[in-house]
Amino acid sequence: MLSILKNAGSTCLIGSAIGGILISCGSNAQKNKPNRKPNVIVVLADDLGYGDVSGYGAKAIRTPNIDRLIDQGLRFTCGYASSATSTPSRYALMTGLYPWRNKNARILPGDAPLIITPDMETLPRLFQKAGYVTGAVGKWHLGLGTGSIDWNGHIAPGPREIGYDYSYIMAATNDRVPCVYVENNHVDNLDGNDPIKVSYVQNFEGEPTGKDNPGLLKMHPSHGHDQSIVNGVSRIGFMHGGKSALWVDETMAEVFSSRVKSFIDKQGDQPFFLYYGLHQPHVPRIPSENFAGESGLGPRGDAILEADWCVGELLDYLEAKGLIENTVIIFTSDNGPVVDDGYKDDAVEKLGDHKPAGTLRGGKYSLFDGGTRVPFVVQWRGAVTPGVSDAMVCQMDFYNSFARFTGQNTDSGKDSQDVLDAFLGKSGTGRTELVQEAQGKLAYRQDEWAYIPSYEGAAFSQWTNTDLGNSPEEQLYNLDSNIGETENLAKSNPSKLEELKKRFEEITRNR
Ligand code: NG6
Ligand code: CA
């Protein structure tokens, strides 16, 4: 395999073979390190929508650091998460498999077992095989252990057992217990005299809940989220003990950011792959005081500013270390946006004209495109020409694409596709079809067409007010002429409907 990548600033010669890739870039920063393999970083925001970034057209909010990535990178207009919620979406990203093939790939509680088994081929393993050091920092939400976890002991299997040499994570989400950080196989900062207990079934004696003690809360739930109280916020699930290990929401961005930097710093001349799961703007939205009140959109907007700051910290650090040219940085989101996701945080009241999903219909939890089409940027200053790409790509495609990137077998038998040329801006063509998942239901995109089978259930979620996509009628939309999915063509174009339906059923038959 031999290919030449050219752009205005540099010329890169990539010659790859099983077991290694040779990179030689003519840019200044690389002159001293001609043979170093490019690092790869995937930054995955949590619930950030297609319309939440100024580089994607948002007017009510400015995201200067994500825009820096966009200005010097390739902005995808058709970049997808595989699912409209976190766990299945992350499962696809890490494994290259459709999440709906695994019945356990659904929103997990914080004490759920790991749903990726250590015998599976994963994205970080792929990088390990190519000689990379791998790290996972931030939101995990793929489960830990095999059953009942002893949070006070050796927690395994987890990120390490599926391919990450280093990990510093929150187990699930920032609204779920246990509200502690797990470093490799242990809870960080835990005092052995104050053990942690976790349950999603019953409370522990003496522990106040948000439900019974609203006076103890600094942020109140709008639905759910009324169990154990940590840092003045009631969460999903019950926990007891572990006081010294509890996270403080206001410093979470700083904590993860500093771990990202120390991971990068430790690698020296060793190439690395880093998965960086931002916790923003997922609920509870409690950014540091530097961002509180800054966006004018309430805590949701403030949390987006903080996410943007995290990206800025990363870029500045890579620049300072002379690594920015030789690092592929991908920025994307695990699913579409949601406004009220369970706390009374003014997100609805202060939304104004801001449209978190931009021109798309639906958002988190939805079968419409707003559920899965997300911001998606690839920057590689050493090799990718900045611009805009309309190629359809999915996070699930990282597996096969980075297989070729690292000179490995791309015929993995996975649902992942090799769209490396699209990621690197060498081709305007990505995948032609994608099955999207939202809370166990499936939709199908092929070229410019979107098909949603008939589904029972409420059209709108009464909790989050999401336009879910359920309808007794089958739905067919042409996204080229009607990106907002308002004009159902199922009746006027029955042959296209049949064509898509047939293919959709063929792919999903053996669910
Ligand atoms: C839902 C939570 C929501 C969020 C979501 C997972 C309630 C009422 N709602 O069950 O707040 O945590 O799960 O979000 O509990 S995700 O982005 O991690 O998929
Ligand atoms: Ca999410």
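FYI, it's all coordinate maths here, none of it is from the lab. Note that the structure is a prediction, hence the values are computed from the model and not measured. Glycine gets a Cβ as well: all are built from the backbone with ideal geometry, and neighbour counts include every protein chain shown.
This ranking places R176, R511 by how few other beta-carbon atoms lie within 10 Å of each, fewest first, which gives R511, R176.
Summing Lys, Arg as +1 and Asp, Glu as -1, what charge do residues with Cβ under 13 Å from the Cβ of T429 carry, T429 excluded? Neighbour charge sum, excluding T429 itself: -4. If you take all other residues with their beta carbon under 15 Å from the beta carbon of S258, and give Lys and Arg +1 and Asp and Glu -1, the sum is -4.
Taking every Cα-Cα distance in the chain and sorting them into 10 Å bins from zero, the calculated P(r) comes out as 4, 20, 31, 27, 14, 4, 0 percent. Given R0 = 60 Å, the distance between the Cβ atoms of Q270 and K491 translates into a calculated FRET efficiency of 0.55. The gain in end-to-end length when the T385 to T508 segment is fully stretched comes to 40.6 nm, 0.36 nm per residue minus the alpha carbon separation. Entry note, the chain: the mean residue ellipticity at 222 nm calculated from DSSP H runs of n ≥ 4, each adding -39500 (n - 2.57), is -5500 deg cm²/dmol after division by the residues and rounding to the nearest 500.
From the alpha carbon centroid of the stretch 262-287 to that of the stretch 404-465 is 25 Å. Note on Q202 and E294: the model spin-label points, each 7 Å out from Cα along the C-beta direction, lie 4.6 nm apart. A 19 angstrom limit on the alpha carbon distance is what I want to check against. Which of K103/K197; K197/K243; K441/K491; K37/K266 exceed it? Check vs 19 Å cut-off fails for K103/K197; K441/K491. Sequence-ordered 3J(HN,Hα) estimates for the stretch 353-359 from the Karplus curve with 6.51, -1.76 and 1.60 and θ = phi - 60° stand at 8, 5, 10, x, 9, x, 7 Hz, glycine and proline given as x. Set the Förster distance to 45 Å, then compute FRET efficiency between D353 and E448 from the Cβ-Cβ distance, nearest 0.05. The computed FRET efficiency comes out at 0.95. Once the gyration tensor of the Cα atoms in the stretch 436-508 is diagonalised, the equivalent ellipsoid follows with semi-axes of 20, 14, 11 Å, ordered largest first.
Within the stretch 57-98, name every residue whose backbone N is under 16 Å away from a label modeled 7 Å from Cα of K129 along the Cβ vector. It comes to 94-97, nothing else. Listing M219, M239 from fewest to most neighbouring C-beta atoms within 10 Å gives M219, M239.
If R0 is taken as 45 Å, the Cβ-Cβ distance between H223 and E499 corresponds to a FRET efficiency of 0.65. The ranking of I286, I61 by Cβ neighbour count inside 10 Å, starting from the fewest, reads I61, I286. By the combined test of axial Cα extent (at least 20 Å) and Kyte-Doolittle hydropathy (mean at least -0.5), the qualifying DSSP H helices of the chain come to 252-266, 299-320. Counted by Cβ distance under 14 Å from V177, the other residues give a net charge of -1, where Lys and Arg count +1 and Asp and Glu count -1.
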